[in-house]
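Student: My structure is below; once you've seen it, I'll send some questions.
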Amino acid sequence: MTFRLSTPETPGQNSRRWLQLFLLAGFLLSLLIGLGALLGVYLLPELEEETVRVISDPVRLVEPAEIPPHLALLQLAGADDEGLVRQAATAGERGLAYSILIYDGTLTPSRQANELLRVGRLFLAADDRLRAVAAFERARTAALFALPMPPLERGQLLVRSAEGLLQAGNPESAHQSALQAQHVAVQSADLLPAQRQQILQAAAPIIRAQGSSEEIERLDELLRSPGQSPERVALINRLPQLRAEYPYPPELDTLRDQRRAASQTLIERLVATGGQDIDPERNALAQALLAEDALRGQIYAGWNNPALQLDQRHGLLLDYRDWLLVKIRVAEGGFGLRLVDLWERDSVATRSLLGRVMGELSALMQAQIDAETDPLAQAILRLEALQWLTFQAEMGHYPNAPLGDLASRMDQAQAEMERLGLPPDLPLYFDTEAEPPGFRIARRYQ
């Protein structure tokens, strides 16, 4: 005889067990959703803040792994900077083009703005919206500060920045760029009515889609009657007259040639081996860079020599700035490979030194401008100098810049020009309510 030690489950008991399991699963799912929402409350603002911080720091968006070193090293081998950035963008090498645009201080603002727009498009095509927004916003900055730049080109660059930002999913920043284009159209001193109309019509779709009712009404009024602007001063960049060539010793030419030759040898090795077994050539370039840096350090240490004219000191400090940017780019992987270990370890100190050099250059420019005897020429030159310094800070080439002081002095210089009867056509100010906060054209004459 067989005895059953447990009773068989009835259909009702089986159903209840499935119901219990279903309720337990629902409870766990609700718990996970609740925890996710709770984490979102705390983490989302931090993530948004981090995104803004990354975009505001261009160096953090440079990816050494995306930079082909055999092409990037062409700059150290003596290639033309503007030609190389154009070729990189044309070839779709967005990492290389962006690196050049971020680190190179010798490019004209016009070239920077145009190539940043092209690189932004490349990032968009790769669905890299974070870098696309950064590129488009930096293009806007370059277009605002560029001197000299024809007003029609400035307005068109700002419209293209707005269109790119809109496609990258940042409508508020696109709105800001479109409004800046409108200010250029209305306030620029040298625009014909047809050119004003051209800029306004290009900016209109974004302003209509993103603007307030007041802004749209104002746009319609301007489109009906673009008119002529009253007499104002368009800044043309007189800063080159403050600079003179420093008489470098011939030894520097020799070391520069050695660095260029070592760069070319490493490029050829990279191409021949696909990046394998390059240590001898890489070490040779590192030694050439260190040797050139040692001599440059001796030269730059004498920038304040009383025997030098102020314009020679200016040229020397500007060259010092450019060399420090090369060192920082090497240290931070901006050429696509590691080169000088010492510079990597000292990168923070080098950035700090760059800020001090720019501070000395700022003080020197102030002394040069104070020597100008004509009040209006002095006011114009002072404003151009302040805008250039602010632009360097905005592009990351003036670390720890006193932006508040620069903005205040810009306001004072613009007010002085107004007092003298010839106000600037595109006065800039720091707009804390803009998205993102930054320098914008003041609506003074509309």
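The values are calculated or read from the model by the stated rules, or taken from the named source; none is laboratory data. Just so it is clear, the model here is predicted, and its values are computed rather than measured. Note that each Cβ is placed from the backbone with ideal geometry, even for glycine, and that neighbours are counted across all protein chains shown.
Student: Residues Arg196, Arg208: which one is over 30 Å from Ala79 (Cα atoms), assigned by TED's automatic domain parsing to the domain that holds Pro150, modelled with pLDDT of 95 or more and touching a helix residue (DSSP H, G or I) at 6+ places or on another chain (Cβ under 6 Å)?
Tutor: Just one listed residue meets the conditions, Arg208.
Student: Restricting attention to the range 262-307, report how many residues are without any contact (Cβ under 8 Å) to a residue 60 or more places away in the chain and in a loop (DSSP other than H, G, I, E, B).
Tutor: Residues in the range 262-307 being without any contact (Cβ under 8 Å) to a residue 60 or more places away in the chain and in a loop (DSSP other than H, G, I, E, B): 11 in total.
Student: Can you spot a residue in the range 208-224 that is of a type in the set (Gly, Ala, Ser), assigned to a helix (DSSP H, G or I) and closer than 21 Å to Arg160 by Cβ?
Tutor: Looking through the range 208-224, at least one residue is of a type in the set (Gly, Ala, Ser), assigned to a helix (DSSP H, G or I) and closer than 21 Å to Arg160 by Cβ.
Student: Identify the single condition in (1) part of a helix (DSSP H, G or I); (2) touching a helix residue (DSSP H, G or I) at 6+ places or on another chain (Cβ under 8 Å); (3) among the acidic types (Asp, Glu) that Glu245 does not satisfy, given that it satisfies every other one.
Tutor: Exception for Glu245: condition (1).
Student: State yes or no: is Arg282 of a type in the set (Lys, Arg), closer than 25 Å to Arg269 by Cβ and touching a helix residue (DSSP H, G or I) at 6+ places or on another chain (Cβ under 7 Å)?
Tutor: Yes: the conditions hold for Arg282.
Okay, residues lined up against (1) under 18 Å from the mean Cα position of the chain (by Cα); (2) small (Gly, Ala, Ser); (3) farther than 30 Å from Gln264 by Cα:
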{"position": "Ile328", "(1), (2), (3)": "yes, no, no"}
{"position": "Gly334", "(1), (2), (3)": "yes, yes, no"}
{"position": "Glu344", "(1), (2), (3)": "no, no, no"}
{"position": "Leu353", "(1), (2), (3)": "no, no, no"}
{"position": "Ser362", "(1), (2), (3)": "no, yes, yes"}
{"position": "Ile380", "(1), (2), (3)": "no, no, yes"}
{"position": "Trp388", "(1), (2), (3)": "yes, no, yes"}
{"position": "Glu394", "(1), (2), (3)": "yes, no, yes"}
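Student: Something else about it: With (1) buried (at least 17 other Cβ atoms within 10 Å of the Cβ); (2) within 25 Å of Glu137 (Cβ to Cβ) as the list, and Met417 as the residue in question, which single condition is left unmet?
Tutor: In the conditions (1) buried (at least 17 other Cβ atoms within 10 Å of the Cβ); (2) within 25 Å of Glu137 (Cβ to Cβ), Met417 misses (2) alone.
Student: Looking at (1) buried (at least 20 other Cβ atoms within 10 Å of the Cβ); (2) assigned to a helix (DSSP H, G or I); (3) under 21 Å from the mean Cα position of the chain (by Cα), which one does Ala407 not meet, given that it meets all the others?
Tutor: (1)
Student: Now for a separate question. If you go through the range 405-437, how many residues are of a type in the set (Gly, Ala, Ser) and either in contact with a strand residue (DSSP E or B) (Cβ under 7 Å, 6 or more places away or on another chain) or in the same structural domain as Ala139 (by TED's automatic domain parsing) (or both)?
Tutor: Within the range 405-437, residues that are of a type in the set (Gly, Ala, Ser) and either in contact with a strand residue (DSSP E or B) (Cβ under 7 Å, 6 or more places away or on another chain) or in the same structural domain as Ala139 (by TED's automatic domain parsing) (or both) number 2.
Student: Another question about this same structure. Output yes when any residue across the range 331-339 is part of a helix (DSSP H, G or I) and either loosely packed, with under 15 Cβ neighbours inside 10 Å or among the β-branched types (Val, Ile, Thr) (or both), and no when none is.
Tutor: Checked the range 331-339: no residue is part of a helix (DSSP H, G or I) and either loosely packed, with under 15 Cβ neighbours inside 10 Å or among the β-branched types (Val, Ile, Thr) (or both).
Student: A further question on this structure: Only one of Leu158, Leu147, Leu191 is out of contact with any Gly (no Cβ under 6 Å at 6 or more places or on another chain), assigned by TED's automatic domain parsing to the domain that holds Leu107 and either among the aromatic types (Phe, Trp, Tyr) or assigned to a helix (DSSP H, G or I) (or both); which?
Tutor: Leu158 is the lone residue from the list that is out of contact with any Gly (no Cβ under 6 Å at 6 or more places or on another chain), assigned by TED's automatic domain parsing to the domain that holds Leu107 and either among the aromatic types (Phe, Trp, Tyr) or assigned to a helix (DSSP H, G or I) (or both).
Student: Something else: Only residues in the range 101-118 that are modelled with pLDDT of 90 or more and of a type in the set (Asp, Glu) count as the first member; pair them with residues that are part of a helix (DSSP H, G or I) and surrounded by fewer than 22 Cβ atoms within 10 Å (Cβ to Cβ), Cβ under 8 angstrom, at least 6 apart or cross-chain, and list the lot.
Tutor: Within 8 Å, the pairs are Asp104/Asp81; Asp104/Leu325; Glu115/Arg86.
Student: Here's something else I'd like to know. Looking for something more than 20 Å from Leu74 (Cα to Cα) and of a type in the set (D, E, K, R) - is there at least one such residue anywhere in the range 260-269?
Tutor: Among the residues of the range 260-269, not one is more than 20 Å from Leu74 (Cα to Cα) and of a type in the set (D, E, K, R), which makes the answer no.
Student: If I ask for residues that are more than 22 Å from Leu71 (Cβ to Cβ), among the small types (Gly, Ala, Ser) and either loosely packed, with under 12 Cβ neighbours inside 10 Å or in contact with a helix residue (DSSP H, G or I) (Cβ under 7 Å, 6 or more places away or on another chain) (or both), which ones from the range 285-304 would you list?
Tutor: Ala291, Ala294, Gly297, Ala301 - these are the residues of the range 285-304 that are more than 22 Å from Leu71 (Cβ to Cβ), among the small types (Gly, Ala, Ser) and either loosely packed, with under 12 Cβ neighbours inside 10 Å or in contact with a helix residue (DSSP H, G or I) (Cβ under 7 Å, 6 or more places away or on another chain) (or both).
Student: Report yes if some residue within the range 262-270 is within 30 Å of Pro69 (Cβ to Cβ) and exposed (fewer than 11 other Cβ atoms within 10 Å of the Cβ); otherwise report no.
Tutor: No: zero hits.
Student: Right, here's the next one. Are any of the residues in the range 79-94 closer than 18 Å to Trp323 by Cβ and outside any helix (DSSP H, G or I)?
Tutor: Yes, the range 79-94 contains a residue that is closer than 18 Å to Trp323 by Cβ and outside any helix (DSSP H, G or I).
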